[in-house]
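Each reported figure results from applying straightforward, stated rules to the coordinates on display, with no laboratory input. The model shown is predicted, which means the values in this text are computed figures rather than measured ones. No Cβ is skipped: glycine too gets one built from the backbone with ideal geometry, and neighbour counts run over all protein chains shown.
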Amino acid sequence: MTPRAAAVRYARALFDVAQKEKLDLDRIDRELTEFAELVKGNDGLARMFFNPAVPAPRKRTVVERLLVLSPLSPPVARLLVLLAERDRLTTLDQLLRAFRERVMEHHQIVRAEVTTAVPLASDRVAALQNGIARATGRQVQLETKVDPSIIGGAVTRIGSTVYDGSITTQLQKLKETLVQAES
């Protein structure tokens, strides 16, 4: 199983347990985030957890000691110990992303990104956000980006779907049409 697939499975299991036990999903997210940041912020921990030469029982012992110092909710603690036992702590970042995606899905939230050639006024951003919300039937977390190379128009990404209304793309399509017409 790929690390990504394993991370998605662990995230789904954690989410399901949290739902069944009626736990605070935001708290679980915070706890996972804090643990991931602790590992990233400590070179010794990161080297040890990500080194395949370090035996899994040793990793488990270190995780258990960390949990004594900073107790976490039981499902998160069990998950971290399980990841250490199975030498899957390297999937922690992917697991966290997958868990957040599942929480967003549960709360009917979609992430969208709009790229334009120039910065958008706040009223235009709000109008875009409202339009995407109406089209998807979900709340929208909208991120705006500026990329002058698209010349004009906008490129919108909603989840994994991209709507490219940029002038650069339209010019490219026109060029392809003219080249085909010459042939």
Note, ³J(HN,Hα) from phi for the stretch 32-45, Karplus 6.51, -1.76, 1.60, rounded to Hz, x at Gly and Pro: 5, 4, 4, 5, 4, 5, 4, 5, 5, x, 10, 4, x, 5
Residue among Leu72, Leu38, Leu89 with the largest mean-square fluctuation in a Gaussian network model of the chain, springs linking Cα atoms under 10 Å: Leu38
Whichever lysines have a C-alpha closer than 28 Å to that of Lys175, once near sequence neighbours (fewer than 8 apart) are set aside: Lys145
Summed side-chain charge close to Ile150 - residues other than Ile150 whose Cβ falls under 15 Å, Lys, Arg +1, Asp, Glu -1: 0
Of Thr156, Thr168, Thr91, the one that fluctuates the most in a GNM where the chain has Cα springs shorter than 10 Å: Thr168
Cα centroid of the stretch 1-55 to Cα centroid of the stretch 100-125, whole Å: 25
3J(HN,Hα) from dihedral phi, the stretch 71-81, Karplus parametrisation 6.51/-1.76/1.60, rounded to Hz, x for glycine, proline: x, 10, 4, x, x, 5, 4, 4, 4, 5, 5
Footprinting exposure proxy for Leu174, Leu120, Leu66 (fewest neighbouring C-beta atoms within 10 Å first): Leu174, Leu120, Leu66
Environment charge of Ile167, counting only residues whose C-beta is closer than 13 Å and scoring Lys/Arg +1, Asp/Glu -1: 0
Simple spin-label estimate for Gln141 and Glu105 in nanometres, 7 Å along Cα-Cβ: 1.5
Dipole magnitude (debye, nearest 20) for the chain, charges at Cβ of Lys, Arg, Asp, Glu: 520
Exposure proxy ranking, count of Cβ atoms within 10 Å, fewest first, for Arg65, Arg157: Arg65, Arg157
Nearest 10 degrees, 0 to 90: helix 3-20 Cα axis against the chain principal axis: 70
Note, ³J(HN,Hα) from phi for the stretch 85-101, Karplus 6.51, -1.76, 1.60, rounded to Hz, x at Gly and Pro: 4, 9, 6, 10, 5, 5, 8, 4, 5, 5, 4, 4, 4, 5, 5, 4, 4
Ranking of Thr2, Thr116 by count of other Cβ atoms within 10 Å, fewest first: Thr2, Thr116
Segment Leu67-Glu176, extension gain: residue separation times 0.36 nm, minus the distance between their alpha carbons: 33.3 nm
Farthest toward positive dipole pole in the chain [+1 Lys/Arg, -1 Asp/Glu at C-beta], among Pro119, Gly137, Ile28: Ile28
